[in-house]
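Structure record follows, encoded as structure tokens.
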Amino acid sequence: MPRTPRDPEGRMPLREHLVEIRKRVVRIALGLLVGAVLGWILYDPLLDALMHPLEQAAERRDALIGLNFDGVATAIDMRVKVSLFLGVIVSSPWWLYQVFAFVNPGLTGTERRYVYGFLCAAVPMFLAGAWLAWSVLPYVVEVLNDFVPEGGANLVGAQMYLSFVMRLILACGIAFLVPVFMVVLNLMGTVRARTWLAGWRWAVLISFLFAAIVTPTLDVLSMFGIAGPICALYFVATGICFLHDRRADRRRVAAPVE
């Protein structure tokens, strides 16, 4: 089928945009489906891992603490959601690439190199944030169960517990992408390092507010466990931006004046 011609400015017509969007959405859906199938197969060990923090809290307190499947279809619904959740995480390199591939024709050569670098850094940073949340999860569950009265039982709704874990992991994964966006915007010349440094107080405040929201405990350690790495990454990204600005300024001074 012949390719639809572009206008003199190189822009794609609306019909070709719609075809491209449909193609990328279908590919993203297929990637999620493959990841969800893997999640379906690995459901039993995943569920055991999700229940492990509750089992640790029950053993420490010598109390009845566990998941409560409070509906006829709750078990199958839980399996589907866990499978889709793993599918989103496992297929993250694929759907991130599809998003880039859609906007790729409108970028310059230099911008494409920056976005390729963003993709290479975004996936491990997202996974690092998810891993941090998973590491903090047992401590958060333990602190929350400390509020259960002595001799009481805590049968947590399976849907509620899964939503809590998914929100914690995805929120931390997305938060770890912020420094990557900072560096990419700086490399593209949109935001200079001084701008990021000037807003460091707001960055620290937002980091701790974010930690307080995703870890609903009253202890300081869990908040610092989430907010500390986010603040550190913010300053590391700012330092990288300063190094880039210094090199860019030197090249600009050394460049011959036309």
State, to one decimal in nm, how far the label point of A128 lies from the label point of W202, with both points 7 Å from Cα in the Cβ direction. 2.4 nm
Run the quick spin-label model on E55 and W94: label points 7 Å from Cα toward the beta carbon, then report their separation in nm to one decimal. 3.0 nm
Order the peptides 225-235, 27-37 from the highest to the lowest mean number of other Cβ atoms within 10 Å of their residues. 225-235, 27-37
Sorted by accessible area (1.4 Å probe), largest first, how do V141, V90 line up? V90, V141
Using a probe of 1.4 angstrom, how much of the accessible area of the chain is carbon and sulfur, in percent? 70 percent
Compute the long axis of helix 43-61 from its Cα atoms, compare it with the longest principal axis of the Cα atoms of the chain, and write down the angle in degrees, 0 to 90, nearest 10. 50 degrees
Calculate for the chain the 222 nm mean residue ellipticity that helices alone would give, adding -39,500 (n - 2.57) per DSSP H run of length 4 or more and normalising by residue count, nearest 500 deg cm²/dmol. -26000 deg cm²/dmol
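For E55, E150, E142, what's the largest-to-smallest order of accessible area, 1.4 Å probe?
Values: E55 95, E150 160, E142 65 Å².
Accessible-area ranking of E55, E150, E142, largest first: E150, E55, E142.
Quick check for you: with a 1.4 Å probe and neighbouring chains kept, what is the accessible area per residue of the chain, in Å²? Show your work: numbers first, answer last.
Details: 15460 Å² over 258 residues.
Counting only protein heavy atoms, the per-residue value for the chain is 60 Å².
Grab the Cα-Cα distance for K23 and D77, subtract it from 0.36 nm times how many residues apart they are, and report the gain in nm with one decimal. List each step's numbers first, then the result.
On the way: separation 54, 0.36 × 54 = 19.44 nm, distance 2.90 nm.
Difference between extended and current length: 16.5 nm.
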Hey, in the GNM for the chain with a 10 angstrom Cα cutoff, which one of T74, T238, T215 fluctuates hardest? T74
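Given a Förster radius of 35 Å and the C-beta distance between V191 and A254 as r, what FRET efficiency does 1/(1 + (r/R0)^6) yield to the nearest 0.05? Working shown, then result.
Values: r = 23 Å, r/R0 = 0.67.
So, using R0 = 35 Å, E works out to roughly 0.90.
Need the full-extension length gain, D62 to F235, defined as separation in residues times 0.36 nm minus the C-alpha distance. One decimal, nm.
Working: separation 173, 0.36 × 173 = 62.28 nm, distance 4.33 nm.
In short, 58.0 nm is gained.
What does the C-alpha gyration tensor say about the overall shape of the chain? Classify as rounded when a/c is under 1.5, otherwise prolate if a/b is larger than b/c, or oblate.
On the way: a/c = 3.55, a/b = 1.48, b/c = 2.39.
Because a/c hits 1.5 or more and a/b fails to exceed b/c, the chain counts as oblate.
With charges set only on the Cβ (+1 for Lys and Arg, -1 for Asp and Glu), what does the dipole of the chain come to about its Cα centre, in debye to the nearest 20?
Values: 23 positive and 19 negative charges, 337 e Å.
For this selection, approximately 1620 debye.
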Three-way shape label, the range 148-258, alpha-carbon gyration tensor, a/c 1.5: prolate
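The values are calculated or read from the model by the stated rules, or taken from the named source; none is laboratory data. Since this is a predicted model, take the numbers as computed values, not measurements. Backbone-built Cβ (ideal geometry, glycine too); neighbour counts: all protein chains shown. Quick note on the areas: whole protein, heavy atoms, side chains included, nothing else; ligands and nucleic acids left out. Shrake-Rupley method; radii C 1.70, N 1.55, O 1.52, S 1.80 Å.
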